[in-house]
Amino acid sequence: MKIWIPSLLLLAALALPAEDAATQTVQAVDAALAAVSGPAAYEYCKVLAGEAYAGRHTGTPEYEAAARWAAAKFASWGLSAPSGGFLQPFPAPHAVVDSSEMTLTIAGKERKLVAGKDFLPILFSAAGRVSGGAVFAGWGISAPELGYDDYAGVDVRGKFVVCFRGVPDPADKRFQRHDEHRVRMQAARARGALGLIYIYPEVQANPNGDLLEKFFPAEISEAVADELFAPRGIKAAELKKDLQAYRVPITFALDARIDLAVEARHFPGAVGYNIVGYLAGSDPKLARECIVLGAHFDGCGRHLGILFPGADDNASGSAVVMEVARAFAVSGLRPGRTLAFVLFGGEEMGLLGSSHFAANVPAPLHKIRAMFNFDMEGEGDRSFATFSPEPAALRQAIAAADSRVGILAGTREIKEVGVRSSDFAPFFLRGIPCAAFYSNGPHLAYHQAGDSIFRINPDILGAISRLALLSAWLLDAGPSPAVD
Ligand SMILES: [Zn+2]
């Protein structure tokens with residue numbers, strides 16, 4: 001068992017020579033840690049992942065109902081609301097796919113696919129019915145400026161583009177932009193394709209993108225792709241390995257016809273919400289700065305009659321932020337700086353809520369001193385932490401916190417953000433020190449119907465909540481002067 005020695009950091013920072021005051025502070029920290037409850041966090045996670053909130057697809061009535069539930073929790077614990085209230089609105093255009101059918105005709109033989117298993121429309125697909133041939137086009141990337149073009153010399157007009165998700169050279173960051181769903185979809189549509197079909201090992205819900213008129217994006221499983229490639233005697237996994245190894249475009253026409261029908265409703269004027277509550281700092285000078293503890297609240301929703309509960313991704317992170325808020329609130333422990341607890345919407349649609357918040361920090365919240373992000377905290381029994389290299393106090397605070405909590409399985413510096421980054425990205429890009437936490441998984445049901453409460457471990461929710469509480473406290477108490 002590890003013995004926690006908080007006194008050095010705390011006493012230096014608080015500059016309180018009186019032993020009594022220091023003892024009181026340590027007792028208050030202990031009380032706050034003791035107030036953290038894994039089972040309580042599990043209950044929030046269970047409610048959020050339940051039928052009633054329909055997978056929390058940002059912009060839906062069910063999302064709004066969930067947001068109001070969380071805001072009511074914040075209020076009941078005594079958190080303050082920003083001047084605009086607990087809910088911060090932002091535009092959230094989205095779609096709900098009601099049903100879909102896909103039939104492949106391979107070498108003259110028809111095969112009707114099973115929605116949700118063999119294929120899935122991307123969750124901003126246009127509605128309608130289309131048929132056409134198909135062309136395999138590597139990564140679906142057109143980057144002539146980088147000397148790479150999967151579309152060079154092929155005609156995809158009136159056909160489906162079939163491709164993998166990824167880039168020819170992951171080490172070359174200039175390809176990152178081309179790995180955004182929106183950029184890839186535009187590339188296919190600009191060439192007259194009917195749609196773009198990703199090959200994923202297993203299909204998964206994906207609402208990240210924009211409705212493009214008469215354009216039909218979808219996914220098929222690797223097993224279905226194997227059927228498509230069978231006339232050529234190719235396996236999808238081998239094809240992907242070749243693309244990764246040779247880093248040159250591999251493109252060929254498929255002897256197949258694809259019939260796709262999608263029934264979907266689009267809501268271009270919908271509104272999503274971040275849920276924002278705060279506990280004012282105890283130091284009049286430092287309180288104008290805040291430490292943000294954030295997690296995305298949204299999931300992928302309910303489509304084709306399939307609920308995507310998003311328990312691990314990310315009712316779990318939301319539950320951690322809520323439980324840390326409750327523990328600080330009920331224990332009375334107050335750092336010098338203000339603590340802002342933010343549940344972001346629209347992460348799954350491309351960091352909509354966190355981007356909006358970072359660009360429009362609601363008053364009286366002001367200077368953000370640091371941002372802690374929690375995304376996928378519910379599966380497994382250990383946690384990883386990643387953090388900005390500067391200031392060193394951030395890394396030190398997390399390490400000191402873990403010397404007491406003892407759950408970190410690994411740490412890593414955040415060197416940059418990319419298209420797969422979570423809600424810390426908009427903060428990181430503004431030069432704000434960030435830390436991101438995630439449990440060790442295995443996260444097997446990512447964006448699938450199986451991401452349910454049954455995969456969640458209450459103990460890891462509790463442990464990560466304690467690590468978060470103590471890290472935030474120690475970062476605030478650390479020897480870092482106020483910044484402007
Ligand atoms: Zn997530």
Self-check item: Per residue, in Å², the accessible surface of the stretch 94-267 once ligands and nucleic acids are set aside, probe 1.4 Å
Solution: 43
Self-check item: Added length on full extension, which subtracts the Cα-Cα distance from 0.36 nm per residue, W69 to K109
Solution: 9.3 nm
Quiz item: Short version: what are the Cα gyration tensor semi-axes of the stretch 143-191, square root of 5 times each eigenvalue, largest first, in whole Å?
Solution: 19, 12, 9
Quiz item: Where does helix 38-48 land angle-wise versus the long Cα axis of the chain, in degrees 0 to 90, nearest 10?
Solution: 40
Quiz item: Under a point-charge model restricted to the Cβ atoms of Lys and Arg (+1) and Asp and Glu (-1), what is the dipole moment magnitude of the chain relative to its Cα centre, in debye to the nearest 20?
Solution: 480
Quiz item: Counting pairs of alpha carbon atoms under 8 Å apart in space and at least six apart in sequence, what relative contact order in percent does the stretch 77-157 give?
Solution: 18
Quiz item: Per residue, what volume in Å³ does the convex hull of the Cα atoms of the stretch 275-397 enclose?
Solution: 130
Quiz item: Taking the alpha-carbon set of the stretch 423-484, what are its Rg and Dmax in Å?
Solution: 15.9, 47
Exercise. Post the alpha-carbon centroid distance, the stretch 92-137 to the stretch 387-427, in whole angstrom.
Key: 40
Exercise. Using 0.36 nm per residue of separation minus the Cα-Cα distance, give me the extension gain between K117 and D242 in nm, one decimal.
Key: 42.4 nm
Quiz item: Can you give the helix-only mean residue ellipticity at 222 nm for the chain, where every DSSP H stretch with n ≥ 4 adds -39500 (n - 2.57) and the sum goes over all residues, rounded to the nearest 500 deg cm²/dmol?
Solution: -9000 deg cm²/dmol
Quiz item: How many Lys pairs in the stretch 94-267 lie less than 26 angstrom apart by Cα atoms, where the lysines are 8 or more positions apart or on different chains?
Solution: 19
Self-check item: Average accessible area per residue (Å²) across the stretch 287-358 - probe 1.4 Å, nucleic acids and ligands excluded
Solution: 15
Quiz prompt | Cα long-axis angle, helix 61-76 against the chain (0 to 90 degrees, to the nearest 10) | solution = 10
Quiz item: When the label point is put 7 Å from the Cα of R232 along its Cα-to-beta-carbon vector, which residues of the stretch 254-291 have a backbone N closer than 15 Å?
Solution: 254-257
Practice problem: Hey, can you grab everything whose amide H is under 5 Å from the amide H of F387? Only 5+ residues off in sequence or another chain; H modelled, so Pro and N-termini drop out. | Solution: R412, E413, I414, A436
Quiz prompt | On Cα atoms only, tilt of 19-35 relative to the major axis of the chain in degrees | solution = 40
Quiz item: Considering only protein heavy atoms and a 1.4 Å probe, what is the carbon-and-sulfur percentage of the accessible area of the chain?
Solution: 54
Practice problem: Starting from the alpha-carbon convex hull of the stretch 167-270, give the projected area averaged over all orientations, in nm². | Solution: 8.2
Practice problem: Place a label point 7 angstrom from the Cα of F267 along the Cα-to-Cβ direction, then list the residues of the stretch 342-364 whose backbone nitrogen is under 18 Å away. | Solution: 344-354
Quiz item: Over all pairs of distinct alpha carbons, what does the Kirkwood formula give as the hydrodynamic radius of the stretch 28-175, in Å?
Solution: 20.9
Quiz prompt | Quarter of the Cα convex hull surface for the chain, i.e. its orientation-mean projected area (nm²) | solution = 22.7
Quiz item: Once you treat every alpha carbon in the stretch 94-267 as an equal point and sum by Debye, what is log10 I(q)/I(0) at q = 0.15 Å⁻¹?
Solution: -0.78
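The values are calculated or read from the model by the stated rules, or taken from the named source; none is laboratory data. The structure presented is a predicted model; accordingly, all values stated were derived computationally and were not measured. Neighbour counts are summed over all protein chains in view; Cβ atoms, including those assigned to glycine, are modelled from backbone coordinates with ideal geometry. Remember, those area values only see protein heavy atoms, side chains included, never the ligands or the DNA or RNA. Shrake-Rupley method; radii C 1.70, N 1.55, O 1.52, S 1.80 Å.
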